[in-house]
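The values are calculated or read from the model by the stated rules, or taken from the named source; none is laboratory data. Computed from a prediction, not measured in an experiment: that's the story for all the values here. Note that each Cβ is placed from the backbone with ideal geometry, even for glycine, and that neighbours are counted across all protein chains shown. Surface areas here come from the heavy atoms of the whole protein model, side chains and all, with no ligands, DNA or RNA. Shrake-Rupley method; radii C 1.70, N 1.55, O 1.52, S 1.80 Å.
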Amino acid sequence: MQGRLSAWLVKHGIIHRSLGFDYQGIETLQIKSEDWHSIAVILYVYGYNYLRSQCAYDVSPGGLLASVYHLTRIEYGVDQPEEVCIKVFAPRRDPRIPSAFWVWKSVDFQERESYDMLGISYDNHPRLKRILMPESWLGWPLRKDYIAPNFYEIQDAH
């Protein structure tokens, strides 16, 4: 079943994949990483002027990583704003996704957290560096194949 936004994107020749609707009836779309920046600008111009949240997750051990954007179309006088969920997948070996920072500035810390926890590099992000873990931390703690260091062995070595 195709949602309203997906139908509009198809009408305008914008490549994407509909992933259906979530449990709240919010349309979910998959966008290719290389198309994400252009489509983000198009969505903003179309009226999705509020980025409600961004998060990321590890799809499966050794598999893809996903960056998820929850966008809202806020219009004056509309009681029920239109929402959409965008998923952008990246390969685990070199996970690179264009940053949405220059479209929605509120994504700043959220993309940094996704970088810090999963190692997704957001191209053209102005301050992409660790935000939760120390700069010296090795690895990406929320990846399903992450092996945590044994802190007892580290303490015993000192």
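List of remarks:
- Those strands (runs of 3 or more DSSP E) of the stretch 57-101 in which at least 3 residues are in contact with a strand residue (DSSP E or B) (Cβ under 7 Å, 6 or more places away or on another chain) and aliphatic (A, V, I, L, M), considering only elements entirely within it, cover 65-73, 82-90.
- The residues listed here are 82, 34, 75; of these, the one that is open to solvent by less than 60 Å² (accessible area, probe 1.4 Å) and charged (D, E, K, R) is 82.
- Criterion (open to solvent by less than 10 Å² (accessible area, probe 1.4 Å) and more than 27 Å from residue 141 (Cβ to Cβ)) met by exactly one of 5, 51: 5
- Pairs where the first residue, in the stretch 119-148, is more than 25 Å from residue 36 (Cβ to Cβ) and the second is open to solvent by 70 Å² or more (accessible area, probe 1.4 Å) and of a type in the set (A, V, I, L, M), C-beta under 8 Å, 6+ apart: 139/147
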